[in-house]
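> Please read through the structure below; I'll follow up with questions.
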Amino acid sequence: DTEVTQTPKHLVMGMTNKKSLKCEQHMGHRAMYWYKQKAKKPPELMFVYSYEKLSINESVPSRFSPECPNSSLLNLHLHALQPEDSALYLCASSQGPPNTQYFGPGTRLTVL
Amino acid sequence: GIQVEQSPPDLILQEGANSTLRCNFSDSVNNLQWFHQNPWGQLINLFYIPSGTKQNGRLSATTVATERYSLLYISSSQTTDSGVYFCAVIGGTNAGKSTFGDGTTLTVKP
């Protein structure tokens, strides 16, 4: 069983919608991550929150915005997405880079 | 940034066979992990192995950091071993950002 939980498991949204993905960990980790994975491709890092500091992959468009309300929670706010944003979104946590990352089960997002 | 190459890209085995998956990386690393992604998309930790050798049941892994490669061994394969195996590294100058290889897709036939 994973100790990183993600909700929802599946999400279908239109291009004008605003939605949020949620991730929670109860391992006392100080770093959390968002990854995007397209079909038959490896996960690609989007954001890292480590010790309350945000690092951004500069290729990620501004229609994705992370929020870290506390050290156990990491949200990903979605706004005005495009169909090409449809993917599996994976959350992970670790004690802090470069330690072992533990992944959640992911959210499958479809943008219509 | 650091480059990660996995081989082979695809592997088909008969149940009971052994296999070796390889991960080459282009620079020194602080972290190297092997994952198994199941058909539902869950990434399952197999090993955290920036150097040395580890074993867990039928699986073992070896990383030779000085030669910049890691190997994952699967012995007596089972159909449940099917899926995609990823190697992910965090380089010494990567500020904690991990890079995944393209993966090896393993199919184990009964």
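The values are calculated or read from the model by the stated rules, or taken from the named source; none is laboratory data. Just so it is clear, the structure is predicted and the values come from calculations on it, not from any experiment. When we count neighbours, we look across all protein chains shown, and the Cβ atoms used for this are built from the backbone with ideal geometry, even at glycine. Calculation scope for accessible area: heavy atoms of the full protein, side chains included, ligands and nucleic acids excluded. Shrake-Rupley method; radii C 1.70, N 1.55, O 1.52, S 1.80 Å.
> Looking at (1) closer than 22 Å to A:Gly14 by Cα; (2) assigned to a strand (DSSP E or B); (3) open to solvent by 10 Å² or more (accessible area, probe 1.4 Å), which is the one condition that is false for A:Leu90?
(3)
So that you can scan it fast, the table gives a plain yes or no per residue for (1) under 29 Å from B:Ser51 (Cα atoms); (2) away from chain B (no Cβ under 13 Å); (3) open to solvent by less than 30 Å² (accessible area, probe 1.4 Å):
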| residue | (1), (2), (3) |
| --- | --- |
| A:Lys36 | yes, no, no |
| A:Pro43 | yes, no, yes |
| A:Val48 | yes, no, yes |
| A:Ser59 | no, no, no |
| A:Ser62 | no, yes, no |
| A:Leu76 | no, yes, yes |
| A:Glu84 | no, yes, no |
| A:Ser94 | yes, no, yes |
| A:Tyr102 | yes, no, no |
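> Give me the pairs, please: first residue somewhere in the range B:37-57 and over 20 Å from A:Lys38 (Cα atoms) and part of a loop (DSSP other than H, G, I, E, B), second residue anywhere and of a type in the set (A, V, I, L, M, F, W, C) and open to solvent by less than 30 Å² (accessible area, probe 1.4 Å), beta-carbon distance under 6 Å, and either six or more positions apart or on two chains.
From the range B:37-57, the pairs are B:Ile49/B:Leu32; B:Ile49/B:Ala61; B:Pro50/B:Val29; B:Pro50/B:Leu32.
> Mind counting the residues in the range A:47-79 that are in a strand (DSSP E or B), more than 20 Å from A:Met15 (Cα to Cα) and not acidic (Asp, Glu)?
Number of matching residues: 13.
> Say whether the condition of being facing chain A (nearest Cβ under 9 Å) and out of contact with any strand residue (DSSP E or B) (no Cβ under 6 Å at 6 or more places or on another chain) is met by at least one residue in the range B:4-20.
There is no residue in the range B:4-20 that is facing chain A (nearest Cβ under 9 Å) and out of contact with any strand residue (DSSP E or B) (no Cβ under 6 Å at 6 or more places or on another chain).
> Would you check which residues across the range A:1-21 are within 17 Å of B:Asn38 (Cα to Cα) and under 13 Å from the mean Cα position of the chain (by Cα) and list them?
A:Val4, A:Thr5, A:Gln6, A:Lys9
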